[in-house]
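The values are calculated or read from the model by the stated rules, or taken from the named source; none is laboratory data. Quick caveat, the model's predicted, so the values are computed rather than measured. Cβ placement follows ideal geometry from the backbone for every residue including glycine, while neighbour counts extend to all protein chains displayed.
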Amino acid sequence: MKARTRAAALLLTPFLLLFTAVLVVPIGYAVWLSLFTEKQSGLGFGGSETVFTGLGNYATALGDRAFREGFGVLLGYCLLYLPLLLGGALGLALLLDSALARARRFFQLALFLPHAVPGIIAALIWVYLYTPQLSPVVKAMEAGGIGFDFFSPEGALPSVVNIALWEWLGYNLIIFYAALQAIDRSVLEAATVDGAGAWRTAFSVKVPLLRGSLAMVGLFTVIGSLQLFTEPLILSRGTGSAVTSTWTPNMYAYSAAFDRNDYGLAAAASILLALTAALLSFAVTRLTRDRKEKAA
Amino acid sequence: MSTPRSRWLSKGAVNGVLLLATCYMLFPLVWLVTAATKDAGGLLAGDAFSFEGFDLGGNLARLAAYNDGVYFRWYLNSLLYAGVGAAACALISVAAGYAFHVYDFRGKEKLFGLVLLGVLVPTTALALPMYLLASDLGIVNTYAAVLLPVLVNPFGVYLSRVLCAAYVPDEVLEAARIDGAGELRVFWSIGLRTVMPGFVTVFLFQFTAVWNNFFLPLVMLSDQKLFPLSLGLYAWNSNAHAEPDYYPLVVTGSLLAVVPLVLAFVSLQRHWRAGLTAGSVK
């Protein structure tokens with residue numbers, strides 16, 4: 001028995017050490033940092049000193065309109081992105097799962113392929129496709145009489161959502177498709193025997209069975225969305241887009257840390273963001289668990 | 001009941017929609033391939049699908065020559081970060097997942113719950129404190145600054161535990177113990193071997209994650225020689241708006257950066273499918 005305990009400890013140690021070093025300690029350090037601020041001493045020369053400010057940085061962040069607007073942007077982003085992503089991925093998975101689909105392996109692979117493209121490169125490709133001088137898309141749209149400026153204030157949100165959708169649609173489609181394939185075939189046969197057509201089976205049998213997968217994908221998507229950074233960063237640099245350098249809370253934290261060297265404020269902003277993620281995931285898991293218990 | 005005609009129609013509709021979605025997914029990639037064959041003038045003409053200004057060879061030559069071949073240095077860096085990082089991460093994750101599956105100890109499920117919480121922590125929220133800690137330790141702007149954080153993947157541990165439960169046969173472990181093999185020996189020659197497909201899955205996921213990683217190197221590195229591809233292309237793109245000659249470099253460089261991942265995914269389909277399926281079953 002003792003040998004087993006020792007082996008368990010040995011096998012777990014590398015992971016737990018690193019887990020502590022790159023997750024637990026940085027979280028603790030971020031909390032610590034967020035409680036301090038730099039003050040110019042005296043007349044402004046003689047450098048600055050670090051002083052304890054309690055929750056001062058949190059108040060500064062929450063009081064800053066740019067930071068609050070970042071959350072507004074995230075809300076708008078989720079409201080547009082989530083239905084498109086979940087609806088699109090689920091819809092395509094149902095089509096792929098239907099008896100009518102051909103060349104299933106080809107479609108799965110082709111639809112998944114964008115996920116193999118690094119986020120930064122996906123963003124670069126799409127920004128080039130949005131740029132009027134470079135893009136065959138904008139030219140074709142203009143020829144068709146549709147003038148849409150992807151860099152205008154109205155274009156900002158759709159431009160970012162489109163990039164994210166392109167990257168994540170296939171990935172979530174495969175998750176849903178795998179869950180659909182795992183459904184007990186006898187349940188589906190029973191529905192057919194009862195006279196349910198393909199549509200009816202899809203919406204009254206398959207979709208309800210996928211609720212767990214839907215909730216999980218939804219949760220991970222929202223948590224991922226809270227971290228929105230790379231795509232809008234590319235849009236914000238040199239394209240003349242309406243996307244600013246503090247467009248999302250994460251960009252706000254980055255800009256506070258590396259443009260303004262205000263580490264306390266950056267840490268406070270990051271922690272507020274992480275807390276939002278924690279609250280959301282707590283609420284979602286609670287909600288789905290209650291549902292399950294009621295159903296049981 | 002449906003007539004053959006209506007069945008034929010719905011078959012067309014279903015596959016038509018799938019085909020349309022496929023076009024949306026593949027169009028930017030096709031554009032990337034054709035755009036990489038053009039010089040700056042041809043690119044700016046915006047007609048990506050003509051052969052005007054065809055200069056793939058020139059683009060590749062310029063890519064290789066620019067700044068003493070710094071692009072291929074970035075390429076090697078990316079291979080190093082992703083290859084070494086993912087291999088070590090997969091080994092560490094599988095060891096931990098195996099221990100969680102095989103052994104019983106006090107507080108095991110609590111510890112596992114803590115690890116799972118780690119999945120939910122926004123990684124970008126960690127980058128800043130990690131940067132400051134790294135600068136205290138004096139490892140900012142080194143390979144270690146990017147390599148160390150990517151060794152940890154809580155989801156990899158979760159996946160490994162699930163896959164160990166599916167693959168590792170308890171009776172065989174027991175038989176090996178009776179034959180006198182030590183616990184670590186049992187892990188190394190039976191556990192790890194039987195869960196090899198799981199190891200490859202974790203490796204593949206982490207390789208992609210590290211290859212795609214942008215935020216961490218952006219924060220940690222300022223020396224161009226240490227850049228991975230993602231950061232290097234980002235730096236070039238920042239120049240392109242003022243200096244259009246950078247456009248072909250960014251486009252051709254992006255194409256070459258995408259190729260290994262696409263090849264890996266096409267050839268290792270079985271493994272990423274396994275990972276996604278395990279992720280979808282609760």
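The single condition among (1) facing chain B (nearest Cβ under 8 Å); (2) farther than 22 Å from B:Met25 by Cβ; (3) part of a helix (DSSP H, G or I) that A:Trp126 does not meet is (2). Residues in segment B:223-268 that are of a type in the set (S, T, N, Q) and under 16 Å from B:Gly69 (Cβ atoms): B:Gln224, B:Thr252.
Of the residues that sit in segment B:86-107 and are over 17 Å from B:Thr194 (Cβ atoms) and surrounded by fewer than 24 Cβ atoms within 10 Å (Cβ to Cβ), which one is nearest to the other protein chains (Cβ to nearest Cβ)? Per the criteria, the residue is B:Phe105.
Here A:Ala140 qualifies as free of Cβ contacts under 8 Å to residues at least 60 places away in the same chain and either exposed (fewer than 15 other Cβ atoms within 10 Å of the Cβ) or within 9 Å of chain B (Cβ to nearest Cβ) (or both). Checked against the criterion of being more than 25 Å from A:Pro118 (Cα to Cα) and of a type in the set (D, E, K, R), segment A:157-168 has no qualifying residue. Checking segment B:262-274 against the condition returns a match, with at least one residue being under 30 Å from A:Arg4 (Cα atoms), modelled with pLDDT under 85 and not basic (Lys, Arg).
I need the full set of residues from segment A:7-40 which are of a type in the set (D, E, K, R) and surrounded by 14 or more Cβ atoms within 10 Å (Cβ to Cβ), in order please.
First pass over segment A:7-40, keeping only residues of a type in the set (D, E, K, R): A:38-39.
Selection gives A:Glu38 alone.
Among the residues of segment B:121-145, those that are of a type outside the set (A, V, I, L, M, F, W, C), touching a residue at least 60 places away in the same chain (Cβ under 8 Å) and within 11 Å of chain A (Cβ to nearest Cβ) comprise B:Thr123, B:Thr124, B:Tyr131.
Restricting the search to segment A:231-252, which residues are on the phi > 0 side of the Ramachandran plot and in contact (Cβ under 8 Å) with a residue 40 or more places away in the chain?
Kept after step one, since they are on the phi > 0 side of the Ramachandran plot, are these residues of segment A:231-252: A:238, A:240.
Answer for segment A:231-252, where residues must be on the phi > 0 side of the Ramachandran plot and in contact (Cβ under 8 Å) with a residue 40 or more places away in the chain: just A:Gly240.
At least 1 residues being within 17 Å of the chain's Cα centre (by Cα) is the threshold, and among the helices (runs of 4 or more DSSP H) wholly inside segment B:142-251 those reaching it are B:143-147, B:154-167, B:196-212, B:215-220, B:229-240.
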